[in-house]
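S.K.: Handing you a structure now.
The values are calculated or read from the model by the stated rules, or taken from the named source; none is laboratory data. In this text, all values refer to a predicted model and were calculated from it rather than measured experimentally. All Cβ positions, even for glycine, are placed from backbone atoms using ideal geometry, and neighbour counts span all protein chains on display. Just so you know, the surface numbers come from the protein's heavy atoms only, side chains and all, with ligands and any DNA or RNA stripped out. Shrake-Rupley method; radii C 1.70, N 1.55, O 1.52, S 1.80 Å.
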Amino acid sequence: MYTELNSILSTTPDSFTQGEFILLSDRKSDASFLIHHFLSFYLRARCKVCFLGLVQSFSHYNAVSQRLGISLIQAKEKGQLIFLEGLTESLSVLIPQVTSTGNEAMDFLRDPSVGLRSLYDFVRSSVTSSGGGEEGAEEWGPPVLLVDDLSALLSLGVSAGAVLDFSHYCQATVCSQLQGNMVMLVRCDGEEEEDDWDDGGSELLLKGLTHQCSLTLHVQGLPTGYCRDIHGQVEVCWRRRQGDGQNTQKKLFQYKVHDKGASFFARGTSSAVL
């Protein structure tokens with residue numbers, strides 16, 4: 001968890017906005033460090049977390065989380081974290097010789113055209129299940145859905161429209177019905193083009209999700225190129241409904257990722273340029 005980012009977003013594990021959809025995106029950079037931040041943030045906040053890890057193994061996320069002072073193994077054992085390892089689950093569906101895990105969340109891979117109903121059913125059962133009925137079981141806070149990353153579904157043959165439907169249903173269940181939060185990552189390749197609405201890919205997905213979310217953090221490389229002391233910049237955009245319209249506020253920060261955290265600072269205020 002990055003305390004400087006918490007200050008920018010005016011939030012703490014003890015006091016955060018519920019019912020929020022946070023969209024993370026990157027272009028010519030890597031926003032993975034933000035996924036690790038929000039994972040550790042919501043675990044510290046004692047939320048029930050459903051994490052769809054579609055691009056990395058559980059051991060990878062656990063290794064990074066340990067540097068941030070969080071054990072994902074303990075969180076799973078306590079029932080606070082439900083983790084879907086997309087890589088392993090995909091193999092059990094696509095390669096018959098691989099032993100099945102008994103999880104049907106990735107069954108859409110047999111026919112991507114049918115949509116993501118099986119994945120949504122997994123999310124719904126995960127965020128609505130509670131161990132509170134068991135004697136001695138811990139009570140958790142509002143549910144949180146994390147996805148790293150949605151773009152991987154496009155590579156698996158799922159259409160952008162089906163992914164948007166999936167996020168919409170997840171938002172209705174997690175954010176509206178259960179007053180929990182969602183954090184999703186989308187990756188975009190290359191330069192942004194005006195006609196990318198027609199390509200049915202990551203640009204269409206990003207634009208569609210942007211209209212659904214209440215907060216966006218867009219990570220991109222520096223316009224001036226590589227810098228050893230500044231790894232990139234992140235644009236934070238708050239979208240708040242006011243009356244019949246929407247109020248949008250944007251701020252731009254630069255950042256540097258460390259082994260056990262990250263630093264954020266206003267553009268041009270890094271010690272490397274002062």
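S.K.: Work out, step by step, the length gained on full extension between Asn247 and Asp165: first 0.36 nm times the residue separation, then minus their alpha carbon distance; give nm to one decimal.
M.R.: 27.0 nm
S.K.: Scanning the chain for GluC sites (Glu not before Pro) in DSSP loops with at most 15 other Cβ atoms within 10 Å, what's the longest stretch left with none?
M.R.: My reading of the result: 1-103 is the longest stretch.
S.K.: Quote the FRET efficiency, to the nearest 0.05, computed for Phe265 versus Ser176 with a Förster distance R0 of 41 Å and r equal to the Cβ-Cβ distance.
M.R.: Between Phe265 and Ser176 the formula returns 0.70.
S.K.: Set the Förster distance to 35 Å, then compute FRET efficiency between Leu222 and Ser57 from the Cβ-Cβ distance, nearest 0.05.
M.R.: 0.70
S.K.: Starting from the eigenvalues of the Cα gyration tensor, five times each then square-rooted, give me the equivalent ellipsoid semi-axes of the range 7-130, largest first, whole Å.
M.R.: Over the Cα atoms of the range 7-130, the ellipsoid semi-axes are 27, 16, 16 Å.
S.K.: Using all Cα-Cα distances in the chain, what percent lands in each 5 angstrom bin from 0 up to the longest?
M.R.: It works out to 1, 5, 12, 16, 19, 18, 14, 9, 4, 2, 1, 0, in whole percents.
S.K.: Here is a follow-up. Evaluate the distance, in nm, between pseudo-label points positioned 7 Å from the Cα of Asp30 and of Ser129 along their respective Cα→Cβ axes.
M.R.: Output for this residue pair reads 3.2 nm.
S.K.: Here's a follow-up. Using r as the Cβ-Cβ distance of Ile8 and Val257, and R0 as 22 Å, what FRET efficiency do you calculate, to the nearest 0.05?
M.R.: Working from the Cβ atoms, E equals 0.90.
S.K.: If you don't mind, another one. Obtain the nm distance between the two label points defined at Trp238 and Glu104 by a simple spin-label model: each point lies 7 Å from its Cα along the Cα-to-C-beta direction.
M.R.: Result: 4.3 nm between the two label points.
S.K.: Right, another one. At 1.4 Å probe size, with the rest of the protein present, what percent of the exposed accessible area of the chain is carbon and sulfur atoms?
M.R.: That fraction is 46 percent.
S.K.: Return one whole number: the accessible area per residue of the chain in Å², for a 1.4 Å probe.
M.R.: For the chain, the solvent-accessible area averages 49 Å² per residue.
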